[in-house]
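Structure record follows, encoded as structure tokens.
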Amino acid sequence: MTAIVALLLWFCALCAIIPLTVILIELSAGLMPLKQVFQNAAEHPQTVILMPAHNEASIISDTVQKVQNGLPPQSRLLVVADNCSDDTARLARDAGAAVVERNSVMLRGKGYALAFGRDSLVSDPPNYIVILDADCLPALNSIEHLVRAAQGSGRPVQARYCFTAPSSASPVVQISNFAFYVKNVVRQRGMSRMGDVCLLTGAGMALSWNQFRVAAVASGAIVEDLAMGLDLMKAGHRPLFLESALITSDSATAKDTVGQRQRWEHGYLSTMSSEALPCIAQGLVTMDRALLWTGLHLLVPPLALLVMISSTIALLQAVAMMLGHSATPFLIIVAQLILLMLLLAVVWFRDGKAYVQASALARLPLYMLWKVPIYLRLLTNRQREWNRTPRGGKDDS
């Protein structure tokens, strides 16, 4: 009986040790920026910036004008006004974009909008597609860098995608933005170094027309970008992380951040449960390190949830240790949690100050409590439908 209990305790411990090991490797490997050089072709390829937009009348004119001003040669902008009940389509046209309109109450979601835009381009397809959300802005030359990297590597390419917020933003928003930076930049660097692959993160994605043409986008998946990246990877098209291309978006307010995080994290955890182990198995069988590391990456739950689970398991192991069982699992998990905090502190000291002020970090325990209802809804009211997150409003918390 003692041996069985010991095995169960070790199994429980591994549920924390394995994901903690993966994230510690990724954070360590992702501390330094990537160095990437791609050969430029003599002529810029024909490119369409595909922008799905749902009820974006308040920002679409400004977005279109700014994107148009920074377009490289032989590039054009196509806005998909998707199930809009406002003036998004008219305002986008007035600002100079080509526009197609889609209306289908039953089929809602960004994936369907992308598929509709793709269908509208079939008769005159470009060489490359860049997917950009209506609330996102590319930094100077970022679109050109994306297309050049896709052209030079022959792979789908993901830009560095970050949120911006005023210094007056609430601590919850600041900490959430820092967590987003860790996920979308630091861990992407780590994935690139460990598996020569990255995840698609929703905006700032460049694909060749042939890759986009066969991509499975026509769905209502609430994390359609993650699903598309996994499908492309399984088809042999490993996404590439391009740090020199920057896409930014205004943060949601504290109130709207709840819905945003719930959609992302519920969708991610659903994908994690269905894709992590198959990716690991396929990666081992085929000796494909991109698939293997992607599966390992997917074993890591969102950062706050990982800390909650690991701390709970450490507490259980501490009780078992006091009852006479091995102290090794407890000591390993505690050491990993301490190292995780140290690495996050290094990330914050190097780059995180732009996202979260030191004073806001004191609210980390409250941020953890703020996340608890999001995870409890996994059991009682899991989000299964896509929804648009408002951004750029006044932070009222």
Query raised in the report: Restricting the search to segment 1-50, which residues are under 30 Å from Pro125 (Cβ atoms), more than 24 Å from the chain's Cα centre (by Cα) and open to solvent by less than 20 Å² (accessible area, probe 1.4 Å)?
Result: His44, Pro45
Query raised in the report: How many residues are in contact with an Asp or Glu (Cβ under 8 Å, 6 or more places away or on another chain) and either of a type in the set (Gly, Ala, Ser) or closer than 13 Å to Gly96 by Cα (or both) when one looks only at segment 56-78?
Result: 3
**Report entry** Filtered residue count, segment 291-347, keeping only those that are open to solvent by 10 Å² or more (accessible area, probe 1.4 Å), in contact (Cβ under 8 Å) with a residue 24 or more places away in the chain, β-branched (Val, Ile, Thr) and more than 16 Å from Phe11 (Cβ to Cβ)
**Finding:** 2
Query raised in the report: When Asn69 is evaluated against the numbered criteria (1) more than 26 Å from Val214 (Cα to Cα); (2) crowded, with 17+ Cβ neighbours inside 10 Å, which criterion, by number, is the only one it fails?
Result: (2)
Query raised in the report: For segment 149-176, what are the residues that are in contact with a helix residue (DSSP H, G or I) (Cβ under 9 Å, 6 or more places away or on another chain), within 15 Å of Ser251 (Cα to Cα) and not polar (S, T, N, Q)?
Result: Tyr161, Cys162, Phe163, Ala165, Ala169, Pro171, Val172, Val173, Ile175
Report task. Please specify each residue of segment 263-290 satisfying the condition of being in contact (Cβ under 8 Å) with a residue 60 or more places away in the chain and hydroxyl-bearing (Ser, Thr, Tyr). Result -> Ser270
Query raised in the report: Out of curiosity, is Thr257 more than 26 Å from Pro45 (Cβ to Cβ) and either over 17 Å from the mean Cα position of the chain (by Cα) or modelled with pLDDT of 85 or more (or both)?
Result: no
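Would it be correct to say that Ile60 is surrounded by fewer than 21 Cβ atoms within 10 Å (Cβ to Cβ), more than 22 Å from Arg213 (Cβ to Cβ), among the hydrophobic types (A, V, I, L, M, F, W, C) and modelled with pLDDT of 95 or more?
Numbers: surrounded by fewer than 21 Cβ atoms within 10 Å (Cβ to Cβ): no; more than 22 Å from Arg213 (Cβ to Cβ): yes; among the hydrophobic types (A, V, I, L, M, F, W, C): yes; modelled with pLDDT of 95 or more: yes.
Considered against the rule, which asks whether it is surrounded by fewer than 21 Cβ atoms within 10 Å (Cβ to Cβ), more than 22 Å from Arg213 (Cβ to Cβ), among the hydrophobic types (A, V, I, L, M, F, W, C) and modelled with pLDDT of 95 or more, Ile60 comes out as no.
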Report summary line: Restricting attention to segment 91-109, the residues that are in contact with a Gly (Cβ under 8 Å, 6 or more places away or on another chain) and surrounded by 23 or more Cβ atoms within 10 Å (Cβ to Cβ) number exactly 1
Query - All positions within segment 353-397 that are at pLDDT below 55 and either within 30 Å of Val105 (Cα to Cα) or surrounded by 11 or more Cβ atoms within 10 Å (Cβ to Cβ) (or both) - result: Gln383, Arg384, Glu385, Trp386, Asn387, Arg391, Gly392, Gly393, Lys394, Asp395, Ser397
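The values are calculated or read from the model by the stated rules, or taken from the named source; none is laboratory data. What you see is a predicted model; the values in this text were computed from it and never measured. Backbone-built Cβ (ideal geometry, glycine too); neighbour counts: all protein chains shown. All accessible areas refer to the heavy atoms of the entire protein, side chains included, with ligands and DNA or RNA removed. Shrake-Rupley method; radii C 1.70, N 1.55, O 1.52, S 1.80 Å.
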